[in-house]
Amino acid sequence: MARFLGTQPALRGARLALGLSGGLDSVVLLHVLHALAPRFGYRLRAVHVHHGLSVNADAWARHCRRLCRAFGVPLSVRRVRIASRKGRGIEAAAREARQGVFTHVQADIIVLAHHLDDQAETVLLQLLRGAGLRGASAMPAVGQLGAKRLLRPVLEVPREAIERHARAQGLEWVDDESNAQDAITRNYLRHRVAPLLAARFPRWRESLARAARHFAAAQADERALLRAFLADQGLRAPSEARLVEMLKQLAAGGARTEILHDGARLRLYRGRVFVESVARRAVPAVRPVPLAPKAGIAPVAWRGERRLRIAALGAGELRFRRVRGVGIDAARLAAGELSVRRRRGGERLQPDPGRPRRTLKNLFQEAGIPPWRRDQLPLVYCGEDLVWVPGLGIDCRYHAGPGKAGIALEWRVARPA
């Protein structure tokens, strides 16, 4: 395990929280992590989730307290209430409850004691359920749990090796009586199926764990991701050769990267791919509004329409929806003449009352709005006041107060046909 920890960045000074059930696996992991803490410089604590599902649950919590006192490791015992739902068993509900606890633990890294047998059983279960790549990838050795990093340092260690360590070190652990119940699918595989597999395929666990790594690699394959992205944008899948070429351009390109595909333009900004329409779908017939030229101002009176077509911005639509307590203050909007204008440069907006009025350029950069989109956005004015900008929000002077009538605006641009 020291070799595994040695590959992990930023462990020194990090706060590690170990999920401690009191069973064999987590007790051994506690022992090893405690021993390695001086070498790697992390701060270790343990978290015991009290599910209350067993008559022995209180005894398990007491065992964890005694164990952590002996090691001098801080322990938090968190009680949860488990409620199974339709289509989801107690095991899944308990796992979800544990994840909820770990998500809110004050730690940088969550450490769990899943081992090789657990991984092999998970892959087998997922395959028998007909899972796709994501399910068959099983558990990653390094992953994420919310904003926290998640480590499984003994994922490649078989259970018998963990037990040998525990006995050699004189460690004590508890046994969950539910692990003997073959009615639970995972236990059935462990007690009935695994021995048969081991008799015929001695390295079946390693083989399934290796398959999980292959599935995970396939899931993360950039070509599969790009195909899925294009499909989500309503675009047809390119040929294999074209797909490889697109990936090369995206990987090597910068802000000026442009790829034409299926009537759309793919562009890159800050590591994100944006899709811009070239050929557009027809949009519902609404009142066309000529946008004011860049050098002039031609106010457009809003007469209560639900939609305004901005023909000069590529069949875009401004949509108006009456709301209450949010949006633009309807009374203030009615007091002045509404106009829609194109960006000219130098405009300022104050979406947040706690921050100063700032230029649109600065706000666009902060919001990550690509440069080529900025001049294609309609700016909504009330008199000479800039009131609303798509992607940036409402000027704080025009926010509708609690309970007051408001108008929510939305800028819609047709997606590629």
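If the cut-off is 12 Å between C-alpha atoms, which aspartates and glutamates fall inside it for Lys148, apart from same-chain ones fewer than 8 positions away?
Cα-Cα hits under 12 Å: Asp108.
I'd like to know which of Met139, Gln169, Val154 lies farthest towards the positive end of the charge dipole of the chain, counting +1 on Cβ of Lys and Arg and -1 on Cβ of Asp and Glu.
Of Met139, Gln169, Val154, it is Met139.
What list of whole percents do you get for P(r) of the chain, with Cα-Cα distances grouped in 20 Å bins up to the one holding the largest distance?
19, 36, 33, 11, 0
Compute the angle between helix 222-232 and the longest alpha-carbon principal axis of the chain, please, reported from 0 to 90 degrees and rounded to the nearest 10.
50
Strictly greater than 17 Å: what percent of every Cα pair in the range 185-281 meets that?
Tail of P(r) above 17 Å: 64 percent of Cα pairs.
Evaluate the charge dipole of the range 1-129 about its Cα centre and quote only its size in Debye, nearest 20, assuming +1 on the Cβ of each Lys and Arg and -1 on the Cβ of each Asp and Glu.
Roughly 480 debye for the range 1-129.
For the range 226-277, what does the alpha-carbon gyration tensor say about shape, rounded, prolate or oblate, given a ≥ b ≥ c as the root eigenvalues, a/c under 1.5 as rounded, and a/b over b/c as prolate?
oblate
Read phi for every residue in the range 134-143 and hand back ³J(HN,Hα) as whole Hz from Karplus 6.51 cos²θ - 1.76 cosθ + 1.60, θ = phi - 60°, with x for Gly and Pro.
For the range 134-143, the Karplus-derived couplings read 4, x, 6, 5, 6, 9, x, 5, 10, x Hz, x marking Gly and Pro.
Helix-only estimate, please: 222 nm mean residue ellipticity of the chain, summing -39500 (n - 2.57) across DSSP H runs of length 4 or more and dividing by its residues, to the nearest 500.
-10500 deg cm²/dmol
Which shape class, rounded, prolate or oblate, goes with the range 307-412 when its Cα gyration tensor gives a ≥ b ≥ c as root eigenvalues, a/c under 1.5 marks rounded, and past that a/b bigger than b/c marks prolate?
oblate
Taking square-rooted eigenvalues a ≥ b ≥ c of the alpha carbon gyration tensor, is the range 2-219 rounded, prolate or oblate, where a/c under 1.5 means rounded and, failing that, a/b exceeding b/c means prolate?
Judged from the Cα gyration tensor, the range 2-219 comes out rounded (a/c under 1.5).
Add +1 for every Lys or Arg and -1 for every Asp or Glu among the other residues with Cβ under 9 Å from the Cβ of Glu317, and state the total.
Taking every Cβ under 9 Å from that of Glu317, the sum is +3.
About its Cα centre, how strong a charge dipole does the range 106-219 have in debye, to the nearest 20, once Lys and Arg get +1 and Asp and Glu get -1 at the Cβ?
For the range 106-219, the charge dipole is close to 540 debye.
Counting Lys and Arg as +1 and Asp and Glu as -1, what is the net charge of the other residues whose Cβ lies under 14 Å from the Cβ of Tyr269?
+4
Between the helical axis of 90-104 and the dominant principal axis of the chain, each derived from Cα atoms, what acute angle in degrees is found, rounded to the nearest 10?
Approximately 70 degrees, to the nearest 10.
For the range 1-74, what are the per-bin percents of Cα-Cα distances with bins 10 Å wide, up to the bin holding the maximum?
Values per bin, smallest distances first: 18, 50, 24, 8, 0.
Note down the net charge around Phe71, summing +1 for each Lys or Arg and -1 for each Asp or Glu among other residues with Cβ under 13 Å from its Cβ.
Here the count lands on +3.
Over the chain, calculate the relative contact order: mean separation of alpha carbon pairs under 8 Å at least 6 apart, over the residue count, as a percent.
12
Here, each number is a calculation from the coordinates, and none is a lab measurement. The structure presented is a predicted model; accordingly, all values stated were derived computationally and were not measured. So basically every Cβ, Gly included, is an ideal-geometry build from the backbone, and we count neighbours across all protein chains shown.
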